[in-house]
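Step one of this worksheet: look at the structure below.
The values are calculated or read from the model by the stated rules, or taken from the named source; none is laboratory data. Remember, predicted model here, so these are calculated numbers, not experimental data. No Cβ is skipped: glycine too gets one built from the backbone with ideal geometry, and neighbour counts run over all protein chains shown. Calculation scope for accessible area: heavy atoms of the full protein, side chains included, ligands and nucleic acids excluded. Shrake-Rupley method; radii C 1.70, N 1.55, O 1.52, S 1.80 Å.
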Amino acid sequence: MADDLPEQFDLIVIGTGFTESCIAAAASRVGKSVLHLDINDYYGNVWGSLGVEDLISLLAREAAPHSTLRNGSYHWHEQSAATPTSETEEMKVETMQPWTRETVLAMSRRFCIDLCPRVLYSAGELVQLLITSNICRYTEFRAVDNVCMHQNGTIVSVPCSRSDIFNTKSLTIVEKRLLMKFMNACNDYGEDKCNEDTLAFRGRTFFDYLKAQRVTEKIASCVMQAIAMCGPDTSFEEGMLRTQRFLRSLGRYGNTPFLYPMYGCGEFPQSFCRQCAVYGGIYCLKRSVDDCSVDANSNEVLISSAGTTFRAKHVVSAPRYLPASRDYVMRPHLSRGLFLSSTPLGNDVLNKGGGGVNILRLMDNEGAREAIFIQLSHYSGACPKGLYLFHLTTPAISDDPEADLRIFTLQLFQYADPEIIFSSYFTLTAQSQPDKGGADDIVYYTDAPSYEMDYYDAIANARHIFGKLYTDVEFLPRAPDVEEIVVDGEDPSALNEHSLPDDLRAQLQDMQQATEEMDIQD
């Protein structure tokens, strides 16, 4: 069936994942005509957020040709009867809603379960991009409540801000001073290129530098696990970069340097898609690509979909969305685990007021493997009140995500016994690209989600592809606010010219010049 759609575009983007949506928004913003297709009935692909029923449905159809999600499984758990240990606990048990498979599924649409969860540095790349492009108006955030670490078999909060450090009871006065001195030294790193204290550690590990500062074992563990978030083999330069990223995001929106998007990370692809649509991008969900070829005369890419052939100068695609890419080898990339629980992890201090958003970095005994744990309560908008959502992510080492994560689930649940209601495991795969040929020579494939806290790699990938497509334009320039838009018949001089983006300021000046020329002619 033919569509009532244009058939000629500057850019066709296939897949609505984070990176693809960034590129689509950037192209549309600078005046390119964009068609954005996705075979799914939701935005985000593996970067999206789903309800419980939608997640189960996705796990059941993981064998779809375009899917990069593999090895999915899920299990419902029967809750044991809670045994009160005090009068307070007895009151909690009396008022606790009994969560079962039926009650969870009845509230399925109130869940926003991230397939690829992230937290954002408050001064990080994505936050800056959202602000400078004005896409931040489509998003809401909650400050992460606690950055945690394992200490003597318990989960404890790491003091992040200056006030937290001096108020904590877990450090002695001497340790507090040592930690502050170390953080100040890291914050000043790079300002003095000839600093002898740091020059000696170029080419060595960050752990070597930490030991040379004569900090205590407790502080060293705190820095490595929760601040720099690095391993024993991390280079000195990389460790300093991560520490500075942490420190420079402090004090902006809360006591920790991290933010979490309200209603899940799936909001980000949708926000970029909104921006693309505002500037004329056309969206078609539940739309597969049947064929991809090249017009030898015009060198344009021909995309056949649902009986219509679209033409474009450029095509950007998520892995496996084009028929030719489905022959590429897919390798395990990230192992994911998620759990629904009626009780949180950690003590009452970590979860006061019903809990919020807590993050914890886990390491194996040898320090060779790591995982990121994120706990979400109803205050994040990701689950109903009375439930907690646990996310666990590690780089994949096999096709069995549950086995990959077992060492970390043992750490999490060894000293705690949360009331797990639902658990699920799956693998996110990455595409190994062989030598290209045919249409693939002018198709740009985006990368799979990498193992990182924030979106640095994904944004770098989007900038790289956009730069190859359009070499002389800015990536995601600022979009005007509603009150800055000039409507026919309005007096443009009523606007504050200096508050406008460069392209709109030029447009305003042209309008003013045209008005003056008309006055002269009259």
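Observations on the structure shown:
- Cα Rg, Dmax (largest Cα-Cα span) when computed across segment 230-304, Å: 21.8, 60
- Taking every protein chain into account, the accessible area of segment 208-283 amounts to 39 square angstrom per residue (probe 1.4 Å).
- Taking V174, V315 and ordering them by how much accessible surface each has at a 1.4 Å probe, largest first, produces V174, V315.
- With 5 Å bins beginning at zero, the pair-distance distribution over Cα atoms of segment 332-412 amounts to 3, 15, 25, 21, 16, 11, 6, 1 %.
- Net charge contributed by nearby residues that have their C-beta within less than 11 Å of C273 (K/R +1, D/E -1): -2
- Heavy-atom accessible area for T471, with the other protein chains in place and a 1.4 Å probe, reaches approximately 120 Å².
- Summed side-chain charge close to M363 - residues other than M363 whose Cβ falls under 14 Å, Lys, Arg +1, Asp, Glu -1: -2
- The distance from the alpha carbon centre of segment 132-158 to that of segment 12-66 is 26 Å, rounded to a whole number.
- Taking all protein chains as shown and a probe of 1.4 angstrom, V316 keeps an accessible surface of around 0 Å².
- Total formal charge among the other residues, if their Cβ is under 9 angstrom from that of G254, Lys/Arg +1 and Asp/Glu -1: +1
- With coordinates expressed along the principal axes, the C-alpha atoms belonging to segment 238-368 extend over 66, 41, 38 Å, beginning with the largest.
- Calculated on C-alpha atoms, the gyration radius of segment 185-277 divided by its Kirkwood radius gives an Rg/Rh of 1.12.
- Spatially, segment 323-399 and segment 209-277 are offset by 16 Å when compared through their Cα centroids.
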